[in-house]
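Asks: Can you keep this structure in mind? I'll have questions shortly.
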Amino acid sequence: MQNTIPLEAGKIFHLFNRGNNREDIFREDRNCDYFLGLYAKHVYPVVDTFAYCLMRNHFHLLARIRQAPRSLDVSTPSANASATQAFSNLFNAYAKAYNKLYRRSGRLFEERFHRIEVESEAYFMQLTAYIHRNPQRHGFVADFRDWPWTSYAATCTDQPTRIAREEVLGWFGGVEQFKAFHLEPRDESELSRFVGNEES
(Lines give C-alpha, C1' and ligand atoms only; values in the text may rest on other atoms or scores of the structure.)
Protein backbone atom coordinates (compact mmCIF):
# COMPACT_ATOMS: atom_id res chain seq x y z
CA MET A 1 0.00 0.00 0.00
CA GLN A 2 1.08 3.59 -0.62
CA ASN A 3 1.07 4.44 3.05
CA THR A 4 3.15 1.57 4.36
CA ILE A 5 6.27 1.43 2.16
CA PRO A 6 9.39 2.28 4.18
CA LEU A 7 11.08 5.66 3.79
CA GLU A 8 14.49 4.32 2.83
CA ALA A 9 17.54 6.55 2.83
CA GLY A 10 18.63 7.74 -0.60
CA LYS A 11 15.19 7.35 -2.18
CA ILE A 12 12.94 10.16 -3.41
CA PHE A 13 9.27 10.17 -2.46
CA HIS A 14 6.09 12.02 -3.28
CA LEU A 15 4.55 12.45 0.18
CA PHE A 16 1.02 13.69 0.72
CA ASN A 17 -1.80 13.67 3.22
CA ARG A 18 -5.11 15.36 3.86
CA GLY A 19 -7.32 16.28 6.77
CA ASN A 20 -9.29 13.55 8.48
CA ASN A 21 -12.74 13.33 6.85
CA ARG A 22 -11.36 15.83 4.29
CA GLU A 23 -11.44 18.58 6.90
CA ASP A 24 -9.41 21.73 6.33
CA ILE A 25 -5.99 21.61 7.96
CA PHE A 26 -4.91 25.12 6.92
CA ARG A 27 -7.60 27.70 7.69
CA GLU A 28 -5.37 30.76 7.80
CA ASP A 29 -2.00 31.90 6.52
CA ARG A 30 -0.56 31.60 10.01
CA ASN A 31 -1.38 27.87 9.95
CA CYS A 32 0.82 27.46 6.88
CA ASP A 33 3.62 29.47 8.46
CA TYR A 34 3.45 27.34 11.59
CA PHE A 35 3.41 24.06 9.65
CA LEU A 36 6.48 25.09 7.64
CA GLY A 37 8.25 26.12 10.85
CA LEU A 38 7.59 22.70 12.33
CA TYR A 39 8.71 21.09 9.09
CA ALA A 40 12.00 22.96 9.33
CA LYS A 41 12.45 21.78 12.91
CA HIS A 42 11.43 18.14 12.60
CA VAL A 43 11.73 17.03 8.96
CA TYR A 44 14.27 19.27 7.23
CA PRO A 45 17.17 17.66 9.12
CA VAL A 46 16.43 14.22 7.65
CA VAL A 47 15.33 15.03 4.08
CA ASP A 48 16.34 17.04 1.03
CA THR A 49 13.20 18.92 0.00
CA PHE A 50 12.64 19.51 -3.72
CA ALA A 51 9.05 20.82 -3.83
CA TYR A 52 6.03 21.42 -1.64
CA CYS A 53 2.50 22.77 -1.80
CA LEU A 54 0.12 23.45 1.08
CA MET A 55 -3.57 23.46 0.17
CA ARG A 56 -6.59 23.99 2.41
CA ASN A 57 -7.23 20.34 3.24
CA HIS A 58 -4.09 18.59 1.99
CA PHE A 59 -0.42 19.01 1.17
CA HIS A 60 2.19 17.61 -1.20
CA LEU A 61 5.92 17.16 -0.66
CA LEU A 62 8.69 15.91 -2.92
CA ALA A 63 11.73 14.91 -0.89
CA ARG A 64 14.69 12.55 -0.68
CA ILE A 65 15.46 10.78 2.57
CA ARG A 66 18.97 11.69 3.65
CA GLN A 67 21.63 9.08 4.37
CA ALA A 68 22.51 11.02 7.53
CA PRO A 69 20.78 13.94 9.26
CA ARG A 70 22.10 17.46 8.97
CA SER A 71 24.15 18.63 11.92
CA LEU A 72 21.85 20.32 14.38
CA ASP A 73 21.96 21.64 17.88
CA VAL A 74 21.72 18.69 20.26
CA SER A 75 18.54 20.17 21.72
CA THR A 76 16.69 19.63 18.43
CA PRO A 77 14.54 16.48 18.83
CA SER A 78 14.88 15.39 15.20
CA ALA A 79 18.68 15.42 15.11
CA ASN A 80 18.79 11.62 15.30
CA ALA A 81 15.21 10.74 14.36
CA SER A 82 14.28 8.44 11.51
CA ALA A 83 12.34 10.00 8.65
CA THR A 84 9.16 8.22 9.73
CA GLN A 85 9.54 9.48 13.29
CA ALA A 86 10.35 12.97 12.06
CA PHE A 87 7.11 13.14 10.07
CA SER A 88 5.20 11.74 13.02
CA ASN A 89 6.68 14.46 15.23
CA LEU A 90 5.63 17.09 12.69
CA PHE A 91 2.05 15.89 12.40
CA ASN A 92 1.61 15.39 16.13
CA ALA A 93 3.00 18.81 17.02
CA TYR A 94 0.91 20.57 14.37
CA ALA A 95 -2.31 18.73 15.27
CA LYS A 96 -1.84 19.52 18.97
CA ALA A 97 -1.39 23.23 18.28
CA TYR A 98 -4.20 23.34 15.70
CA ASN A 99 -6.65 21.63 18.04
CA LYS A 100 -5.77 24.02 20.84
CA LEU A 101 -6.11 27.07 18.58
CA TYR A 102 -9.51 26.10 17.19
CA ARG A 103 -10.80 24.32 20.28
CA ARG A 104 -11.31 21.05 18.49
CA SER A 105 -10.42 17.50 19.46
CA GLY A 106 -9.65 14.25 17.70
CA ARG A 107 -7.45 13.30 14.80
CA LEU A 108 -6.57 16.09 12.38
CA PHE A 109 -4.78 14.11 9.65
CA GLU A 110 -5.63 10.79 8.11
CA GLU A 111 -4.00 7.99 10.05
CA ARG A 112 -1.09 7.34 7.67
CA PHE A 113 0.47 9.74 5.22
CA HIS A 114 0.89 8.51 1.66
CA ARG A 115 4.19 8.01 -0.10
CA ILE A 116 5.06 7.05 -3.67
CA GLU A 117 8.65 6.41 -4.68
CA VAL A 118 9.95 8.54 -7.54
CA GLU A 119 12.15 6.38 -9.72
CA SER A 120 12.76 8.36 -12.91
CA GLU A 121 13.89 11.81 -14.01
CA ALA A 122 10.78 12.26 -16.14
CA TYR A 123 8.49 11.48 -13.21
CA PHE A 124 10.47 13.82 -10.95
CA MET A 125 10.02 16.70 -13.39
CA GLN A 126 6.33 16.02 -14.05
CA LEU A 127 5.64 15.69 -10.35
CA THR A 128 7.42 18.93 -9.48
CA ALA A 129 5.19 20.81 -11.92
CA TYR A 130 2.11 18.91 -10.73
CA ILE A 131 2.77 19.90 -7.12
CA HIS A 132 3.35 23.56 -7.94
CA ARG A 133 0.32 23.74 -10.27
CA ASN A 134 -2.00 22.09 -7.74
CA PRO A 135 -3.71 25.32 -6.54
CA GLN A 136 -4.63 26.22 -10.12
CA ARG A 137 -5.81 22.69 -10.81
CA HIS A 138 -8.19 22.91 -7.85
CA GLY A 139 -9.44 26.35 -8.84
CA PHE A 140 -8.06 28.32 -5.90
CA VAL A 141 -6.17 30.69 -8.22
CA ALA A 142 -6.24 31.39 -11.94
CA ASP A 143 -2.44 31.25 -12.08
CA PHE A 144 -0.52 28.81 -9.86
CA ARG A 145 2.28 31.35 -9.53
CA ASP A 146 -0.02 33.50 -7.38
CA TRP A 147 -0.44 30.84 -4.67
CA PRO A 148 1.94 31.74 -1.81
CA TRP A 149 2.24 28.30 -0.19
CA THR A 150 4.40 26.43 -2.69
CA SER A 151 8.12 26.19 -3.30
CA TYR A 152 7.81 27.56 -6.85
CA ALA A 153 8.83 31.16 -6.06
CA ALA A 154 11.71 30.06 -3.82
CA THR A 155 13.04 27.88 -6.62
CA CYS A 156 12.94 30.75 -9.12
CA THR A 157 14.79 33.30 -6.99
CA ASP A 158 18.23 33.55 -5.41
CA GLN A 159 16.87 34.27 -1.92
CA PRO A 160 17.88 31.94 0.96
CA THR A 161 15.76 28.81 1.06
CA ARG A 162 15.69 25.32 2.54
CA ILE A 163 14.61 23.94 -0.83
CA ALA A 164 17.36 21.99 -2.60
CA ARG A 165 17.14 24.64 -5.33
CA GLU A 166 20.38 24.00 -7.20
CA GLU A 167 19.63 20.31 -7.50
CA VAL A 168 16.06 20.95 -8.66
CA LEU A 169 17.20 23.43 -11.30
CA GLY A 170 19.85 20.95 -12.39
CA TRP A 171 17.10 18.43 -13.24
CA PHE A 172 15.44 21.02 -15.47
CA GLY A 173 18.56 22.58 -16.95
CA GLY A 174 18.25 25.99 -15.31
CA VAL A 175 15.70 28.44 -13.99
CA GLU A 176 14.31 29.53 -17.37
CA GLN A 177 13.76 25.91 -18.40
CA PHE A 178 12.16 25.26 -15.01
CA LYS A 179 9.70 28.12 -15.56
CA ALA A 180 8.97 27.09 -19.15
CA PHE A 181 8.31 23.47 -18.16
CA HIS A 182 5.70 24.58 -15.63
CA LEU A 183 3.85 26.56 -18.30
CA GLU A 184 3.72 23.77 -20.87
CA PRO A 185 0.24 22.31 -21.44
CA ARG A 186 0.17 18.72 -20.23
CA ASP A 187 -2.18 15.91 -19.40
CA GLU A 188 -1.88 15.41 -15.64
CA SER A 189 -4.35 12.52 -15.58
CA GLU A 190 -1.59 9.95 -15.15
CA LEU A 191 -0.25 11.66 -12.04
CA SER A 192 -3.78 12.22 -10.79
CA ARG A 193 -4.39 8.51 -11.12
CA PHE A 194 -1.65 7.78 -8.59
CA VAL A 195 -2.95 10.35 -6.15
CA GLY A 196 -6.58 9.39 -6.72
CA ASN A 197 -9.04 11.12 -4.39
CA GLU A 198 -6.55 11.48 -1.55
CA GLU A 199 -6.11 15.22 -2.16
CA SER A 200 -9.79 16.05 -2.65
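The values are calculated or read from the model by the stated rules, or taken from the named source; none is laboratory data. Quantities reported herein were computed from a predicted structural model and do not represent experimental measurements. For accessibility, only protein heavy atoms count, side chains too; no ligands or nucleic acids. Shrake-Rupley method; radii C 1.70, N 1.55, O 1.52, S 1.80 Å.
Asks: Could you work out [θ]222 nm for the chain from helices alone, using -39500 (n - 2.57) per DSSP H run of at least four and dividing by all its residues? Round to the nearest 500 deg cm²/dmol.
Replies: Dividing the helical sum by the residues of the chain leaves -12000 deg cm²/dmol.
Asks: Also, I was wondering about something else. Got a sec? What order do 146, 48 fall in by accessible area at 1.4 Å, biggest, i.e. largest, first?
Replies: Values: 146 110, 48 20 Å².
Ranked from most to least accessible, the order is 146, 48.
Asks: With every protein chain left in place, what is the accessible area of residue 165 in Å² (1.4 Å probe, nearest 10)?
Replies: Here the residue's solvent-accessible area equals roughly 30 Å².
Asks: Rounded to whole Hz and in sequence order, give me ³J(HN,Hα) for the range 173-183 from the Karplus expression 6.51 cos²θ - 1.76 cosθ + 1.60, θ = phi - 60°, writing x for Gly and Pro.
Replies: Whole-Hz 3J(HN,Hα) from phi for the range 173-183: x, x, 5, 5, 5, 4, 5, 5, 4, 5, 8.
Asks: Could you order 125, 55 by accessible surface area, starting with the largest, using a probe radius of 1.4 Å? Let's see the in-between values first.
Replies: On the way: 125 35, 55 0 Å².
The most accessible residue leads, giving 125, 55.
Asks: Tell me the accessible surface of residue 147 in square angstrom (1.4 angstrom probe, heavy atoms of protein chains only), to the nearest ten.
Replies: 40
Asks: Ok, one more. Amide H of residue 5 versus every other amide H placed in the peptide plane: which residues, excluding those fewer than 5 positions away on the same chain, fall under 5 Å?
Replies: none
Asks: Enumerate the calculated ³J(HN,Hα) couplings along the range 150-156 in order (Karplus 6.51 cos²θ - 1.76 cosθ + 1.60, θ = phi - 60°), each rounded to whole Hz, writing x wherever the residue is Gly or Pro.
Replies: 9, 8, 4, 4, 5, 6, 8
Asks: For residue 12, what accessible surface area do you get with a 1.4 Å probe? Give it in Å², rounded to 10.
Replies: Answer for residue 12: close to 20 Å² accessible.
Asks: As an exercise, take the mean of 1/r over every pair of distinct alpha carbons in the chain, invert it, and state the Kirkwood radius in angstroms. Please list the in-between numbers first.
Replies: Working: mean 1/r = 0.0578 Å⁻¹.
After inverting the pairwise mean of 1/r, the radius is 17.3 Å.
Asks: Still on this structure, I have one more. Mind checking the per residue accessible area of the chain for me, 1.4 Å probe, whole number of Å²? Intermediate results must be reported in sequence, preceding the final value.
Replies: On the way: 10060 Å² over 200 residues.
Counting only protein heavy atoms, the per-residue value for the chain is 50 Å².
Asks: Take the alpha carbon gyration tensor of the range 1-70, find the square roots of its eigenvalues, order them as a ≥ b ≥ c, and report rounded if a/c is under 1.5; if not, report prolate when a/b exceeds b/c, else oblate. Intermediate results must be reported in sequence, preceding the final value.
Replies: Values: a/c = 2.58, a/b = 1.43, b/c = 1.80.
Here the range 1-70 falls in the oblate category.
Asks: Students often forget the sequence filter, so: which lysines lie under 26 Å Cα-Cα from residue 100 once same-chain residues fewer than 8 apart are removed?
Replies: Answer for residue 100, where 26 Å is the Cα cut-off: 41, listed by chain and number.
Asks: Where is the GNM fluctuation largest for the chain (alpha-carbon springs, 10 angstrom cutoff): 99, 89, 57?
Replies: The residue that fluctuates most here is 99.
Asks: Is the range 135-187 rounded, prolate or oblate when judged by the Cα gyration tensor, a ≥ b ≥ c being the square roots of its eigenvalues, rounded requiring a/c under 1.5 and prolate requiring a/b larger than b/c? Display every interim value, and only then the final one.
Replies: Working: a/c = 2.52, a/b = 1.36, b/c = 1.85.
Judged from the Cα gyration tensor, the range 135-187 comes out oblate (a/c at least 1.5, b/c at or above a/b).
Asks: While we're on this one: Relative contact order of the chain: what whole-number percent is it, with Cα pairs under 8 angstrom and at least 6 residues apart? Don't skip to the answer; put the middle values down first.
Replies: On the way: 285 pairs, mean separation 56.5, N = 200.
It comes to 28 percent, rounded to a whole number.
Asks: Then there's this: Sort 115, 104 from largest to smallest accessible area, using a 1.4 Å probe on the heavy atoms of the protein chains.
Replies: Numbers: 115 15, 104 45 Å².
The residues order as 104, 115, largest area first.
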